[in-house]
Amino acid sequence: MDATGDVEGAAKRVQVRFVTKLQPPFKVPNTSIAIPSNLTRLGLSALVNNLLKAVNADWIAEPFDFLIDGELVRMSLEQFLLAKGISAEKILEIEYIKAVAPRRQEEPSLHDDWVSAVSGSNPGFILTGCYDGLGRIWKEGVICTHILEGHEGAITSVCVVNPKGSENISSKVVATASKDRTLRLWKFDADELMNYPTKIKAFKVLSGNNASVQSVAAQASGDMICSGSWDSRISLWRTNELGEEGDVVSTKKRKVNNTAEDSQLEGDAVSTLVGHSQTVTSVVWPQNETIYSASWDHSVRRWDVESGQDTFNMFCGKALNCLDVGGEGSALIAAGGSDPILRVWDPRKPGSLAPVFQFSSHTSWISACKWHSKSWFHLLSASYDGKLMLWDLRTAWPLAVIESHNDKVLSADWWKDNSVISGGADSKLWSQLCGES
């Protein structure tokens, strides 16, 4: 069988067989075909779509990526085979997968100041934090339904507290961290019908930090949150609405125009993790018993929650701004900071603290990084260069470069598994629909 596509007939040809782990109707016939060796990813994608169209007249074209020996193809076939020393004399097996690439961009949601924090961990809404001191809930990413009012300084970090499996419960709890040295917990009904936007007050204020709180993350169970702050400490806090032993809680009632408002709880940290020597810029809490942290002291640490001791301490030589844990076995550590390089470590590899991957396409400091929750390979980064980049561990080049912002990108996350959200110094929240792998 011969397949020419739209490529000049003079090009050299190679015999290939396309294979996939995708289910029907994504499977092409299992036969070898001759194709031009100068085809790139786009040409290969067009070819596979033509093959699928030939067996299914209703087929709608999809973008695909291609793997040879487990590595993504990011050059022409001829260049790839030459670079990898692969013979073109035998039938070449090429695996195709759904591409992860930008498809559609929504209009931005405007804020009054820098959008310093975003969370897309709940598929029903986006949570943002802003330098105007307000948190905001965006239903479907476009309608601001709730304004979280009460902080006296810029919000630096946000997270959704509800435990996994509670996506269908309308009552939601979220946390915000601020330069005003406090964290606040907020409760709202995501399905409540009301006049938007509605201003709400925090039901609990967590205080006791000596400096700005830079990061907040929730325990998977939703029972606690942890925070990293400018005073080099990591603090653990309970999220309950009732006081428990060891949780110093007081209740305040505020009066507005001589009318008492709802009670507001106050809580102190139940424990503190000490070890960093400079600002703790990022914390994540992937398992109930383990916390990871990154700091301007150039270190990444892993903490045992019960003992309060760090069980892994790695220095990378750069002040770090962001951290996430995911990938294969949910064990890979990605971090970025005061240079343009996104680094990935595997702490399971004994005797070496060298990164297992380094991605260097950004041109300024990296401000955010986030693993895809359902993929071992896909990673998102944001930078002060105004760009977001989608990465796949199987290639050194970014899958996509998103240039929605016209200023520094300060925060980014995945949303609904198929979208990327980001906030920046241009005071905009952007949502970008992407393909799935």
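The values are calculated or read from the model by the stated rules, or taken from the named source; none is laboratory data. Please read all numbers here as calculations on a predicted model, not as lab measurements. Cβ atoms come from the backbone with ideal geometry, glycine included; neighbour counts cover every protein chain shown. Areas reflect the complete protein model, heavy atoms only, side chains present, ligands, DNA and RNA absent. Shrake-Rupley method; radii C 1.70, N 1.55, O 1.52, S 1.80 Å.
Things to note:
- With 0.36 nm allotted per residue and the present C-alpha distance subtracted, the D112-T40 stretch has 21.5 nm of extension available.
- Restricted to Cα atoms, the range 276-407 shows a radius of gyration and a Dmax of 14.2, 45 angstrom.
- Each principal axis of the Cα cloud of the range 332-437 was taken in turn, and the coordinate range along them, longest first, works out to 44, 30, 19 Å.
- Measuring nothing but protein heavy atoms, the accessible surface of the range 274-315 at 1.4 Å probe radius is 44 percent carbon and sulfur.
- The range 106-152 pair-distance distribution - Cα-Cα, 5 Å bins, rounded %: 5, 23, 33, 27, 10, 2, 0
- Helix 41-55 axis versus longest C-alpha principal axis of the chain: approximately 70°, rounded to the nearest ten.
- Percent RCO, i.e. relative contact order, over the chain, from Cα pairs under 8 Å lying at least 6 residues apart: 12 percent
- FRET efficiency, 1/(1 + (r/R0)^6) with R0 41 Å, evaluated for E89 and Q278 via beta carbons: 0.10
- The range 73-166 - convex hull of the alpha-carbon atoms, volume per residue in Å³: 190 Å³
- Contact order for the range 81-236, expressed relative to its length and based on alpha carbon pairs under 8 Å spaced 6+ residues apart, stands at 16 percent.
- Percent accessible area from carbon and sulfur atoms, the range 152-228, protein chains only, probe 1.4 Å: 45 percent
- Heavy-atom accessible area per residue - the chain, 1.4 Å, Å²: 45 Å²
- Taking each of K172/K387; K370/K428; K370/K408; K199/K408; K53/K374; K98/K370 in turn, the alpha-carbon distance tops 24 angstrom for K172/K387; K199/K408; K53/K374.
- Efficiency of FRET from Cβ geometry, K416 and E306, R₀ 25 Å, rounded to 0.05: 0.15
- Summarising the overall dimensions of the chain from its C-alpha atoms, the Rg and Dmax are 24.3, 87 angstrom.
- Calculated [222 nm] ellipticity per residue, helices only, for the chain: -1500 deg cm²/dmol; basis is -39500 (n - 2.57) per DSSP H run with n ≥ 4, divided by all residues, nearest 500.
- At the listed q of 0.12, 0.22 Å⁻¹, the Debye profile of the range 21-86, built from one uniform point per Cα, gives log10 I(q)/I(0) equal to -0.33, -1.02.
- Listed by chain and number, the lysines placed with their C-alpha closer than 24 angstrom to that of K12 are K84, K90; residues fewer than eight positions away on the same chain are left out.
- Cβ-defined net charge surrounding E95, 11 Å radius [Lys, Arg +1; Asp, Glu -1]: -1
- Dipole of the chain, positive direction: furthest Cα of S293, Y196, G43, with charges on the beta-carbon: G43
- Difference of contour (0.36 nm per residue) and Cα-Cα distance, I169 to A396: 77.7 nm
- The residues packed around D426, meaning those with a beta-carbon under 15 Å from its beta-carbon, carry a net charge of -4 if Lys and Arg are +1 and Asp and Glu are -1.
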